[in-house]
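Only one structure is covered here, and it is reproduced in the block below.
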């Protein structure tokens with residue numbers, strides 16, 4: 001065992017490369033991690049959405065809009081805040097499009113991804129805050145998976161450290177020309193580290209997983225709704241990003257001596273906390289009926305005898321299920337002669353008209369005889385005499 005390897009035995013080795021050439025194709029670890037993260041976020045979000053009563057397949061459909069817009073937003077934020085890497089003397093602006101080389105700003109990804117999700121929710125007729133609550137844990141887990149891509153790229157690390165979990169950084173060169181440095185697409189020339197640093201990408205990965213577990217637990221315990229789970233995710237993530245960002249040593253633009261992302265973390269954290277507090281006034285979690293798309297086979301439909309088209313079960317559902325004075329299940333208007341007298345709907349006006357056996361219309365007056373016969377008749381909606389009346393709004 002060499003002296004160098006024994007000296008760094010307790011540290012974390014970096015991969016010798018982040019790109020593998022397979023014929024004419026380049027397999028990039030960073031891109032694979034992003035794809036895996038998106039798949040995990042969709043899978044978990046779909047499960048949580050269905051558990052809350054939402055329509056199956058909704059999160060997948062929303063991801064068709066949100067995922068690509070999120071990638072575009074993430075790249076735009078990175079290019080804008082680190083424009084010196086792509087524009088200026090000696091720079092190649094075309095490389096701003098090379099998303100597979102790394103460089104996605106989570107702030108832009110969430111912002112533009114939310115726009116895509118809003119469009120999809122509008123098309124499906126479902127509330128965006130409820131969708132955000134369902135996908136929040138999956139998003140932060142996807143961020144954790146994405147940080148593995150930074151590990152393969154040997155990027156986003158902190159300053160030097162002698163801690164046991166320090167990360168070894170290797171010198172990488174171009175496979176075609178060993179004289180050319182290539183930290184992203186190159187191959188390590190040996191396993192002797194040029195420095196040992198804080199693995200800030202790993203700190204953020206572990207923090208993100210902790211945030212995911214926390215918000216899942218709180219959601220189950222408190223039954224949060226109206227975007228409050230998403231607000232907790234944002235607050236939890238930015239709290240960790242604040243101190244992790246301060247530890248990073250990669251080049252970044254600064255404002256008042258602090259990295260841009262430090263300030264963004266503070267502002268977004270405060271906004272998330274304010275929203276979490278104010279959204280409490282919206283009341284309990286959304287009812288499952290409000291999460292179903294109109295094209296859902298189980299979507300409430302007054303024509304099927306279930307809940308009415310109004311998801312919350314309003315007067316329409318009462319009319320459809322409990323019967324009306326004109327045409328209930330027990331034919332209150334025309335078939336009450338079997339019970340021996342005209343039936344009147346409770347609370348109806350004294351001018352209601354019923355039809356008896358002989359076909360003649362008799363006016364319902366306030367006389368004792370008609371009152372007695374009305375009391376002896378079955379209630380509207382009863383399937384026969386003597387049966388208990390249905391509770392308004394109950395399903396059949």
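Annotations for the structure displayed:
- Filter pass, residue 130 being in the same structural domain as residue 211 (by TED's automatic domain parsing), crowded, with 20+ Cβ neighbours inside 10 Å, at pLDDT 95 or above and closer than 29 Å to residue 279 by Cβ: yes
- Segment 101-113, residues that are surrounded by fewer than 18 Cβ atoms within 10 Å (Cβ to Cβ) and either within 14 Å of residue 62 (Cβ to Cβ) or modelled with pLDDT under 90 (or both): 101
- Output for segment 103-145, where each listed residue is closer than 21 Å to residue 264 by Cα and part of a loop (DSSP other than H, G, I, E, B): 103, 104, 105
- Which numbered condition residue 178 fails, given (1) modelled with pLDDT under 95; (2) surrounded by fewer than 21 Cβ atoms within 10 Å (Cβ to Cβ); (3) assigned to a helix (DSSP H, G or I): (3)
- Counted residues, segment 210-263 - those being in a helix (DSSP H, G or I) and touching a strand residue (DSSP E or B) at 6+ places or on another chain (Cβ under 6 Å): 3
- Among the conditions (1) assigned to a helix (DSSP H, G or I); (2) in contact with a helix residue (DSSP H, G or I) (Cβ under 8 Å, 6 or more places away or on another chain); (3) at pLDDT below 95, residue 156 misses just one, which is (1).
- Taken together, the residues in segment 159-170 that are assigned to a loop (DSSP other than H, G, I, E, B) and either touching a strand residue (DSSP E or B) at 6+ places or on another chain (Cβ under 8 Å) or not assigned by TED's automatic domain parsing to the domain that holds residue 198 (or both) amount to 6.
- Count - residues of segment 239-264 that are farther than 20 Å from residue 155 by Cα and touching a residue at least 24 places away in the same chain (Cβ under 8 Å): 2
The values are calculated or read from the model by the stated rules, or taken from the named source; none is laboratory data. This one's a predicted model, so the numbers in the text were calculated from it and none came from an experiment. All Cβ positions, even for glycine, are placed from backbone atoms using ideal geometry, and neighbour counts span all protein chains on display.
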